[in-house]
1. Among rounded, prolate and oblate, which fits the stretch 69-126 when a ≥ b ≥ c are the square roots of the eigenvalues of its C-alpha gyration tensor, a/c under 1.5 means rounded, and a/b larger than b/c means prolate?
2. Using the crude model of +1 on Lys and Arg Cβ and -1 on Asp and Glu Cβ, and no other charge, please compute the dipole size for the chain relative to its Cα centre, in debye to 20.
3. Rounded to the nearest 500 deg cm²/dmol, what is the calculated helix-only ellipticity per residue at 222 nm for the chain, with -39500 (n - 2.57) per DSSP H run of length n ≥ 4?
4. Under a Cβ-Cβ cut-off of 12 Å, what is the net charge of the residues other than Leu17 that fall near it, where Lys and Arg count +1 and Asp and Glu count -1?
5. Rounded to whole Hz and in sequence order, give me ³J(HN,Hα) for the stretch 148-153 from the Karplus expression 6.51 cos²θ - 1.76 cosθ + 1.60, θ = phi - 60°, writing x for Gly and Pro.
6. Once you order the gyration tensor axes a ≥ b ≥ c over the Cα atoms, which shape class does the stretch 106-167 get: rounded for a/c under 1.5, otherwise prolate or oblate by comparing a/b with b/c?
7. Give me the 1.4 Å probe accessible area per residue for the stretch 1-115, excluding ligands and nucleic acids, in Å².
8. If you plug each phi of the stretch 99-112 into the Karplus form 6.51 cos²θ - 1.76 cosθ + 1.60 with θ = phi - 60°, what whole-Hz ³J(HN,Hα) values come out, in order, with x for Gly and Pro?
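The values are calculated or read from the model by the stated rules, or taken from the named source; none is laboratory data. It should be emphasised that the depicted structure is a prediction, and the values quoted were computed from it without experimental measurement. Positions of Cβ are generated from backbone atoms using ideal geometry, with glycine treated the same way; all protein chains shown enter the neighbour counts. Side chains are part of the model used for accessible areas, which takes the heavy atoms of the whole protein and leaves out ligands, DNA and RNA. Shrake-Rupley method; radii C 1.70, N 1.55, O 1.52, S 1.80 Å.
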Amino acid sequence: MTGMPACFQNNRATVHLHGGISPWISDGTPHQWITPANEDTPWPQGVEAGTVPDMARPDLGVPDCSGTTDGCMSFYYTNQQSARLLFYHDHSWGITRLNVYAGEAAGYLITDPTEQALISSGTIPGAADTIPLVIQDRTFVPQGDPVARTGQLYEQDPTWDESRWGGYGNLWYHHVYMPARTPATRAA
């Protein structure tokens, strides 16, 4: 967490929906994060965290998220767009990559009347007969000798710091752009 004030907890998150037509208050910007309820921190939520107006409906199980330490946030997604597979993930400032690698990402399906008509006519199968396919690339830290700084890891990224970012078998998250080079140009 280099460069982050010590008061920001690692235990925080927000939700950012990709592909949705969403109002700004529900965008899940990097500064709309929250921490768990009653977290002991001087910054229990990001500076842009706010409650969507008129969302609190305790009678319907929708809590009032207007408190700064209540550990909840409201989002409003209209879903008024054509059928599609969207996805959402954490977008918290400084820790998005950690939360996403930990699993805070998922698909979000929207259906529409055109799709429903195609299902009803038998042209395409319905949700019960399909499986949404989400492909996500994951790369793991290759082997390398941190003392001699040799091996595949250090050939791919000579600046890699195993003590900070993990060694062999950990999830790899590229921290710098390393251009592809042939063995002949590596020595140059």
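1. Prolate is the answer for the stretch 69-126, as a/c is 1.5 or above and a/b outweighs b/c.
2. 640
3. -3000 deg cm²/dmol
4. -1
5. 7, 6, 10, x, 4, 4
6. prolate
7. Value returned for the stretch 1-115: 57 Å² of accessible area per residue.
8. Values per residue, Gly and Pro as x: 5, 5, 5, 6, x, 7, 6, 7, x, 9, 9, 10, 10, 8 Hz.
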